[in-house]
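Asker: Below you will find the structure I want to go over with you.
The values are calculated or read from the model by the stated rules, or taken from the named source; none is laboratory data. Keep in mind the model is a prediction, meaning the values are calculated, not measured. Every residue, glycine as well, gets a Cβ built from its backbone with ideal geometry; the counts of neighbours run over all protein chains shown. Ligands, DNA and RNA are stripped out before the accessible areas are found, and what is left, the full protein with its side chains, is counted by its heavy atoms. Shrake-Rupley method; radii C 1.70, N 1.55, O 1.52, S 1.80 Å.
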Amino acid sequence: MNVWQGEVRWGDMDAYGHVNHTVFFRYLESARVACLAAVCGEAPLPMLVVANIGCKFLAEIVFPATVEVRSSLTNVRGGSLEIEAEIWSGGRCCATSRALLVCVDAVRRKPTRFPPDFAARLVAAQDM
């Protein structure tokens, strides 16, 4: 599991006085990047695109606050993987998410298999 933390900014709020739902996706994106960076280390990251993402909103988040996104790799296959995540704030789970990422050949712009070294890192990280 990878944990990313961030501070809620005043600009994250909407007219209803809580973090706007679109900002939850920004938190998830930051956590996804941190999770994949932890898997890759110094190795280059292959081109990964989000093919599908969903978020279930469970509780509001209000300023000031810290958010913690807990991410795990799941369903690693030859050229795709899922990242399951939970957004926590104030000791409660405020959202859950699942994102499907697909490896894409940067030149042909077509789905492809993971490079072998990256695939091995993903499998090792999935078992953690």
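Asker: Tell me which residues, restricted to region 50-83, are among the charged types (D, E, K, R) and assigned to a strand (DSSP E or B).
Answerer: Once the filter is applied, which keeps residues that are among the charged types (D, E, K, R) and assigned to a strand (DSSP E or B), region 50-83 yields Lys56, Glu68, Arg70, Glu82.
Asker: Quickly run through region 32-65 and pick out the residues that are more than 17 Å from the chain's Cα centre (by Cα) and either of a type outside the set (A, V, I, L, M) or closer than 14 Å to Arg98 by Cα (or both).
Answerer: As a first pass, look at region 32-65 and keep what is more than 17 Å from the chain's Cα centre (by Cα): 42-44, 58-65.
If the condition is that a residue be more than 17 Å from the chain's Cα centre (by Cα) and either of a type outside the set (A, V, I, L, M) or closer than 14 Å to Arg98 by Cα (or both), then Glu42, Pro44, Glu60, Phe63, Pro64 are the ones that fit.
Asker: Let me ask you something else. Scan region 47-56 and give yes if some residue there is among the charged types (D, E, K, R) and open to solvent by less than 90 Å² (accessible area, probe 1.4 Å), otherwise no. Spell out how you get there, then give the answer.
Answerer: First pass over region 47-56, keeping only residues among the charged types (D, E, K, R): 56.
Then drop every residue that is not open to solvent by less than 90 Å² (accessible area, probe 1.4 Å), which leaves none.
No, region 47-56 contains no residue that is among the charged types (D, E, K, R) and open to solvent by less than 90 Å² (accessible area, probe 1.4 Å).
Asker: Which of (1) touching a helix residue (DSSP H, G or I) at 6+ places or on another chain (Cβ under 6 Å); (2) exposed (fewer than 11 other Cβ atoms within 10 Å of the Cβ) does Thr22 not meet, given it meets every other one?
Answerer: In the conditions (1) touching a helix residue (DSSP H, G or I) at 6+ places or on another chain (Cβ under 6 Å); (2) exposed (fewer than 11 other Cβ atoms within 10 Å of the Cβ), Thr22 misses (1) alone.
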